[in-house]
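So that we are looking at the same thing, I have put the structure below in structure tokens.
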Amino acid sequence: MPSKYLARLLMPGLVALLAGISSAHAATVESMRLWAAPDHARLVFDLSGAVNANVFSLANPDRLVIDLDESRLDTDASTLPLEGSAIEAVRTGTRDGGGLRVVLELNRSIEPRHFVLPPNDKYGHRLVVDLEYPGESAVENPIDPIEAMIRDQEMLAQRNNAQAQAQAQVPGSEASPAAPAPVEVQPAQPHPQRDIIIAIDAGHGGEDPGAIGPGGTREKDVVLDIARKLASDVNGTPGFKAVLTRDGDYYLGLRQRTQLAREQKADFFVSIHADAFNSPRPEGSSVFALSQRGATSETAQWLADSENRSDLIGGVDGSLSLRDKDQVLRGVLLDLTMTATLNDSLSIGGQVLDQLGQINRLHKSRVEQAGFMVLKSPDIPSLLIETGFISNPGEERRLRDPVHQQGLARAIFSGIRSHFERNPPPASRLAWQRDHQRQPTGNEYRIQSGDTLSSIAVRHGVPVGQLRQVNDLNGDVIRVGQVLRIPSS
Ligand SMILES: [Zn+2]
């Protein structure tokens with residue numbers, strides 16, 4: 001037992017030593033920062049050192065109490081921008097036994113969450129207190145539940161199709177009982193003419209300013225301007241709807257951004273950035289799609305590393321890393337989905353790059369690939385656009401210019417739009433328009449109300465399977481007004 005004996009000897013000294021350290025290093029609250037989002041508010045305490053915090057709620061009236069051990073306040077809490085947050089007023093005082101007490105008076109019920117963050121390259125020790133609003137969505141206009149259902153049906157059909165393909169590729173697994181039986185007798189449904197949903201993600205935000213230009217321009221501000229202009233272009237176009245992942249100055253975790261896009265049933269996700277390099281020379285726009293293997297260029301790797309650092313600056317999302325595992329589909333199915341998604345991303349990326357090239361210098365003339373965390377959605381085509389290098393003084397000036405911002409937004413949207421005009425999702429308004437405006441030719445048939453896939457097949461004397469194949473029909477749903485190609489028998 002010599003080690004136990006040693007421990008008993010050392011312990012009192014150690015305790016005294018630790019006590020000495022903590023009282024000598026009593027922390028100071030150097031500043032307080034507040035960010036109001038639609039579904040939460042985040043209060044950040046910047047501290048001179050690590051502290052112990054105790055956070056608890058009181059009712060009637062609703063308050064949140066934040067006790068900081070052995071700390072004192074060296075900032076004016078009354079200047080916090082409370083507007084749009086659940087906080088009505090902030091009171092501060094000294095606790096009876098010493099230490100700092102901060103009381104938030106609340107105008108609604110909240111769920112508190114807090115954590116401490118160690119120093120990083122932008123900030124020192126921090127205590128982060130999140131006030132979450134139960135039942136609130138992070139987006140201003142969440143998707144209509146019926147639209148969401150239609151989109152779910154489409155995605156299910158696509159998945160079934162991919163599953164059938166996957167099974168066909170695995171030898172010895174012909175007709176699997178798990179594959180859904182085709183329902184060719186299902187009558188044609190009215191066309192839902194749904195909107196194509198574009199999730200627009202303004203990078204960074206809140207305590208994460210992103211890159212900062214030589215003139216002090218913050219990436220988080222210019223990308224929000226561009227994102228809002230892009231959203232209004234999208235919303236001004238019939239058949240499209242925009243969803244902004246953030247519409248204000250607050251931080252969202254990288255995983256939260258893609259999760260939001262998925263909740264909103266987005267057809268496409270675009271993350272808008274303006275980055276800096278460690279030299280003032282590089283300039284021009286770049287478009288990135290995901291790469292699982294590695295970056296296509298050194299700059300791409302450098303940018304991916306710096307964008308992925310965001311979560312370290314902006315803070316962690318406690319619960320999200322676990323949920324992430326549910327989103328990951330498995331095996332061949334995942335590969336197929338990812339390949340299809342990536343092909344779409346690259347196709348849209350090419351169109352966007354073409355358009356950007358007409359208004360701005362291009363940093364690289366093809367879509368680059370790198371391991372950006374924000375692009376890791378297996379089922380939503382996604383791009384990250386570096387609109388320009390904020391570290392280049394000339395480009396920094398242009399990025400602040402509303403006319404240039406509008407030009408960038410327009411170029412990005414026309415690239416996205418031309419892709420979806422060529423490849424409209426089956427239930428979309430664009431697909432309906434394409435079919436509706438087209439006069440069926442001799443070997444085509446426009447689906448009438450009451451038709452089923454098998455009745456059409458019988459009438460034209462072709463096998464149902466062939467009809468499905470030449471029309472690339474995913475699943476069983478056919479729509480009134482849809483134009484089918486009739487294979488010659
Ligand atoms: Zn960025």
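Under a Cβ-Cβ cut-off of 14 Å, what is the net charge of the residues other than Leu353 that fall near it, where Lys and Arg count +1 and Asp and Glu count -1?
Computed value for this residue: 0.
Another one. Quick one: check the C-alpha center-to-center distance for the range 352-391 versus the range 436-489, whole angstrom.
38 Å
Given the peptides 422-431, 34-43, arrange them by the average over their residues of other C-beta atoms within 10 Å, most packed first.
34-43, 422-431
Given a Förster distance of 30 angstrom, what is the FRET efficiency for Ser454 paired with Ser418, based on the Cβ-Cβ distance and rounded to 0.05?
That gives a FRET efficiency of 0.25.
Also, I was wondering about something else. Relative contact order for the range 196-422 using alpha-carbon pairs under 8 Å, separation at least 6, rounded to a whole percent?
That works out to 33 percent.
Let me ask something additional. At a Förster radius of 25 Å, what calculated FRET efficiency corresponds to the Cβ-Cβ distance of Glu88 and Arg400, to the nearest 0.05?
0.10
State the volume of the convex hull built on the alpha-carbon positions of the range 196-422, expressed per residue in Å³ and rounded to an integer.
Dividing the Cα hull volume of the range 196-422 by its residues yields 111 Å³.
Something else about it: Ordered by packing density, taken as the mean number of other Cβ atoms within 10 Å over each peptide's residues, highest first, how do 54-66, 449-461, 251-263, 375-387 rank?
375-387, 251-263, 449-461, 54-66
Under Stokes-Einstein, with the Kirkwood radius over Cα pairs standing in for Rh, what whole-number D in µm²/s applies to the range 389-489 at 10 °C and 1.306 mPa s?
Answer from the Stokes-Einstein relation: 95 µm²/s.
So for the range 27-132, what are the equivalent ellipsoid semi-axes in whole Å, largest first, each being the square root of 5 times an eigenvalue of the Cα gyration tensor?
20, 16, 12
Coordinate-derived values only; no laboratory data. Computed from a prediction, not measured in an experiment: that's the story for all the values here. Because the Cβ atoms are built from the backbone with ideal geometry, glycine has one as well, and the counts that use them run over all protein chains shown.
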